[in-house]
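Report on the structure given below.
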Amino acid sequence: MRWGLIGASRIASSFMIDAIRAVSDGEITSVLSSDADRGAHFAGENEIPQAFTDLSDMLESAEMDAVYISTTNEKHHAQALAAIAAGKHVLCEKPLAMSLTDAVEMVEAAKAKGVVFATNHHLRNAGSHIAIRDLIATGRIGDVLSARVFHAVHLPEHLQGWRINDAAAGGGVIPDITVHDADTIRFHLDEDPVSVVAKAGSSGMGEGVEDSVMSVWSMPSGTMVQSHESFTHGFTGTGIEFHGTKGSIFASNVMTQMPVGVIRLQDASGSHEISFSTHNLYERSLGLFNKAVAGDGRPSADGVDGIKSLAVALAVRDAALSGREVQVNYEGY
Ligand code: NDP
């Protein structure tokens with residue numbers, strides 16, 4: 001599987017390059033950067049043979065089966081459409097796009113071209129989340145009454161930049177983290193939020209974009225979901241809880257890129273620690289992507305999953321800005 005990287009990003013250098021190379025003889029042939037020096041430096045540091053500053057050049061002259069898009073969010077749409085038109089399979093970072101219309105266009109273009117399109121939602125690949133989903137699906141906590149997501153973190157200085165001050169690049173905690181939580185809740189509960197209420201604001205970091213948000217989501221089954229995302233909380237831990245008619249799941253330190261955390265199931269028979277696999281999240285995602293390209297199964301999170309997580313995030317932002325309850329618009333998906 002030969003890959004072109006669209007974006008000389010930190011997520012690529014920190015996680016994805018190693019993961020691509022660890023899976024199925026993955027090879028990275030090229031990288032695109034808007035800056036020739038940064039691209040050349042990135043290629044040298046990461047042992048990537050070719051660096052480009054023009055996407056058309058890269059798609060025409062570098063050998064690749066798939067692209068991984070990890071530029072800032074406002075660029076995903078045009079870059080994905082160009083890669084799809086060139087017949088490349090696409091693994092795109094979240095949020096897929098700045099608007100739902102753009103995300104739908106990307107997913108429909110891939111469908112029409114017959115290429116695989118996936119969204120890089122890593123959390124549903126974690127052994128912890130797979131174990132939680134199994135507990136819920138096998139009825140261990142009965143009917144799910146409520147869920148609570150704790151995803152307030154302290155955004156490290158090196159990741160701040162556009163995330164905290166550039167709305168045009170897709171900054172803000174809602175496109176950054178609420179999308180992941182929307183995907184994770186959908187993964188666990190197998191249903192899509194219907195409507196949301198929310199409050200958002202800046203608590204010391206966001207400049208023109210929100211750095212903190214709390215929201216409540218109504219699910220079709222009646223399950224209530226409470227979600228908290230922030231960039232400014234230095235001393236909290238992350239977690240997710242599900243409370244049902246027969247038991248509760250308490251998972252701590254699981255809203256993370258690393259295969260870590262602790263899961264406890266509390267039910268009438270007591271408190272039980274739940275074991276789970278500690279495989280690499282991104283390698284699992286890439287393994288499923290490669291299989292989908294070979295015609296075997298589907299990616300971990302496909303394009304429609306990316307549309308839906310974006311739809312929830314946009315509804316949360318709309319609800320926070322308007323102060324009203326907002327129905328989530330999935331554009332018919
Ligand atoms: P970065 O800020 O590291 O990179 C984004 C872009 O910024 C790059 O494409 C690059 O442009 C430019 N850039 C990188 N370094 C510099 C620099 N030193 N000076 C100026 N510009 C620079 O972003 P992230 O890696 O944090 O995020 C990229 C995407 O990945 C986003 O869509 C984000 O939401 C997503 N993401 C997903 C995660 C996941 O686990 N699924 C985790 C983290 C991010 P160019 O390519 O033109 O050189």
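The values are calculated or read from the model by the stated rules, or taken from the named source; none is laboratory data. Given the structure is predicted, the values throughout are model-derived calculations rather than measurements. Here Cβ is always computed from backbone atoms with ideal geometry, including for glycine, and neighbour counts include all displayed protein chains. Note: areas computed on protein heavy atoms with side chains; ligands, DNA, RNA excluded. Shrake-Rupley method; radii C 1.70, N 1.55, O 1.52, S 1.80 Å.
Summary table
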item: Point-to-point label distance, Gln257-Thr53, nm (Cα→Cβ direction, 7 Å offset); result: 2.7 nm
item: Percent antiparallel among DSSP beta bridges (both partners in region 141-231, rounded to 5); result: 65 percent
item: Computed label-point distance, nm, for sites Ser275 and Lys113 using a 7 Å Cα→Cβ extension; result: 4.4 nm
item: Alpha-carbon Rg/Rh ratio, for region 29-141, with Rh computed the Kirkwood way; result: 1.08
item: Rounded tilt (10° steps) of 179-189 against the dominant C-alpha axis of the chain; result: 50 degrees
item: Where Rh is the Kirkwood radius over Cα pairs, Rg/Rh for region 169-267; result: 0.98
item: For region 230-285, diffusion coefficient by Stokes-Einstein and Kirkwood Rh (Cα), 4 °C, 1.567 mPa s, µm²/s; result: 101 µm²/s
item: Cα centroid of region 120-137 to Cα centroid of region 40-59, whole Å; result: 34 Å
item: Rounded accessible area per residue of region 1-82, 1.4 Å, Å²; result: 45 Å²
item: Amide hydrogen neighbours beyond the local backbone of His121, cut-off 5 Å, H modeled; result: Ala301
item: Computed lengthening from Glu27 to Ala294, 0.36 nm per intervening residue step minus Cα-Cα distance; result: 94.5 nm
item: Surface accessible to a 1.4 Å probe, per residue, for the residues of region 157-258, Å²; result: 40 Å²
item: Whole-number percent relative contact order across the chain, with pairs defined as alpha carbons under 8 Å at least 6 apart; result: 19 percent
item: Across Lys199/Lys246; Lys113/Lys291; Lys94/Lys246, pairs whose alpha-carbon gap is larger than 29 Å; result: Lys199/Lys246; Lys94/Lys246
item: log₁₀ of I(q)/I(0) at q = 0.18, 0.24 Å⁻¹ - region 15-74, Debye sum with one point per alpha carbon; result: -0.63, -1.12
item: Anisotropy class of region 96-236 from Cα gyration tensor, a/c 1.5 cut; result: oblate
item: Within the accessible area of the chain (1.4 Å probe), percent carbon and sulfur; result: 49 percent
item: Net charge of neighbours whose Cβ lies under 12 Å from the Cβ of Ser248, counting Lys and Arg as +1 and Asp and Glu as -1; result: +2
item: Bins of 5 Å from zero: percent of alpha-carbon pairs in region 209-333; result: 2, 8, 12, 15, 18, 20, 15, 8, 2, 0
item: Among beta bridges that DSSP assigns inside the chain, antiparallel share in %, nearest 5; result: 60 percent
item: Other-chain or far-sequence residues with amide H under 5 Å of Leu32's (modelled H); result: Leu5, Ile6, Gly7, Phe52
item: Region 142-190 - Rg and Dmax from Cα coordinates, angstrom; result: 14.0, 44
item: Surface/4 of the Cα convex hull for the chain, nm²; result: 16.2 nm²
